[in-house]
């Protein structure tokens, strides 16, 4: 088992986003598209923010589902906007 320790939640979010972006790129390369499920709880905002800053040439081949985990409507809306703006062509509930 590999255990990684980070200094703060921003560093953790950045590392998780890099790993997720790599998996998304791999899925696109292997299958021509990627589907992701995004948790939008407040604890995930650093990850979502970091993920949307990673540029990729996905060409609209990523779709996402929004996993609602007792989130305020505003957090869900913001997370959907993050995902839609830079990563996905379709966000469904």
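Laboratory data are not the source of any read-out in this text; all were calculated from the coordinates shown. Everything quoted here is computed from the prediction, not taken from an experiment. No Cβ is skipped: glycine too gets one built from the backbone with ideal geometry, and neighbour counts run over all protein chains shown.
Note down the relative contact order for segment 1-50 as a percent, whole number, built from C-alpha pairs under 8 angstrom at least six residues apart.
Answer for segment 1-50 is 53 percent.
For the pair residue 45 and residue 25, what calculated FRET efficiency results from E = 1/(1 + (r/R0)^6), where r is the Cβ-Cβ distance and R0 = 25 Å, to the nearest 0.05?
0.65
Which order do the peptides 17-25, 46-54, 2-10 come out in when sorted by mean C-beta neighbours inside 10 angstrom, highest first?
Per-residue mean Cβ counts within 10 Å order the peptides as 46-54, 17-25, 2-10.
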